[in-house]
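Input: a single structure, listed below in structure tokens.
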Amino acid sequence: MNDAEFDRFLHIETCGIKNGIYQSPHYNRYEPTPYSALEELLKHYTIDENDTIIDFGCGLGRVGIFLHYKTNASVIGIDMNEQFIKEAIKNREHFCKKFRKKEEGMHFLCCLAEEYQIQPAENKFYFFNPFSLPIFMKVLHHIMRSTEEKKHTVDVILYYPSLDYLDYLNRYTPFEKLKEIPIPSLHEKVWSERFVIYRLQ
């Protein structure tokens, strides 16, 4: 299925590119992760119902809804754009109605990523270049601090990773690269079409 067909199957609307209401050099426009990439991620990386995934810059909720559908993991989408969050909540409602699922496993919150308080149960953090490096650094600091308060393993999942993100993780954090997952249908044309996953144990 292409992206539009997958949206129809899930009974949601997430296609297209949107600049959003707020314009800032620190926050990037909304562009959803392709479903084909998310399917490739799940072929090579384990997510299950015991995981809690935080999607920073969740937009209209595609990643959270898809991963919940496929794995039954709990998901929390974070976005600074109030209109996007309203649409993500509407997408959650339509999805849950179609598949007769409870809404408790998916939450969408309107707040700044750097102000979100990481909870100990939250162990996987998803980024599709949602914001600038300074904000990414602040979010990583919160993630690392959460592991000090309660020891647990956390993963950072980067799609289409920026060189700034990779350089910072490699040089200035205790995270270690776990794996790279190229997207076969896209990686041959664009080198950045891949996932890079880092782990902190």
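The values are calculated or read from the model by the stated rules, or taken from the named source; none is laboratory data. Just so we're clear, the structure is a prediction, and the values are computed from it rather than from any experiment. Note that each Cβ is placed from the backbone with ideal geometry, even for glycine, and that neighbours are counted across all protein chains shown. In case anyone asks, the SASA skips ligands and DNA or RNA and just uses the protein heavy atoms, side chains included. Shrake-Rupley method; radii C 1.70, N 1.55, O 1.52, S 1.80 Å.
Using 0.36 nm per residue, how much length does the chain from residue 112 to residue 11 gain when fully extended, once their Cα-Cα distance is taken away?
On the way: separation 101, 0.36 × 101 = 36.36 nm, distance 2.76 nm.
Gain on extension, residue 112 to residue 11, equals 33.6 nm.
Directionally averaged projected area (segment 48-201, Cα convex hull): 9.3 nm². Remark: the chain carries 51 Å² of accessible area per residue (probe radius 1.4 Å; ligands, DNA and RNA excluded). Sorted on the mean count of surrounding Cβ atoms within 10 Å across their residues, most packed first, peptides 52-59, 79-86 read 52-59, 79-86.
Taking one quarter of the surface of the convex hull spanned by the alpha-carbon atoms of segment 96-143 gives a direction-averaged projected area of 4.5 nm². With all protein chains in place and ligands, DNA and RNA left out, the 1.4 Å accessible area ranks 169, 200 as 200, 169, largest first. Computed in the context of the full set of protein chains, the accessible area of the chain at 1.4 Å probe radius has 49% of its extent on carbon or sulfur.
Along each principal axis, taking the top coordinate minus the bottom one, the Cα set of segment 48-131 gives 34, 28, 19 Å in descending order. For residue 108, the residues 5 or more places off, or on other chains, whose built amide H falls under 5 Å of its own are 77.
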